[in-house]
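Data first, discussion second: the structure below is written as structure tokens.
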């Protein structure tokens, strides 16, 4: 696989978005990337990680938003993705 300069930057420094903030503040339409640090991740949050090639969804173990976003409990979210996608 060959990556251009922009793809390489995102691959090593991926963008992180807080999805659960959309539910908390629906008027804020713009998703602003967060600094990817452990301090940013809340155990009750849901985040989207974009490395330029693959999108990952991280669901905190205390997430209260999974039913609103995915329509199922947090423990069932992993079954929404086909096994071929999970590597």
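The values are calculated or read from the model by the stated rules, or taken from the named source; none is laboratory data. Predicted model only: the values in this text are computed from it and were never measured. Positions of Cβ are backbone-derived with ideal geometry, glycine not excepted, and every protein chain shown enters the neighbour counts.
Would you mind telling me which numbered condition in (1) at pLDDT 80 or above; (2) more than 12 Å from residue 18 (Cα to Cα) residue 73 fails?
Of (1) at pLDDT 80 or above; (2) more than 12 Å from residue 18 (Cα to Cα), only one is false for residue 73: (1).
Any residue in the range 52-73 that is touching a residue at least 60 places away in the same chain (Cβ under 8 Å) sitting within a Cβ distance under 7 Å of a residue that is outside any loop (DSSP other than H, G, I, E, B)? List the pairs, counting only those 6 or more apart or interchain.
Correct list of pairs: empty, since none qualify.
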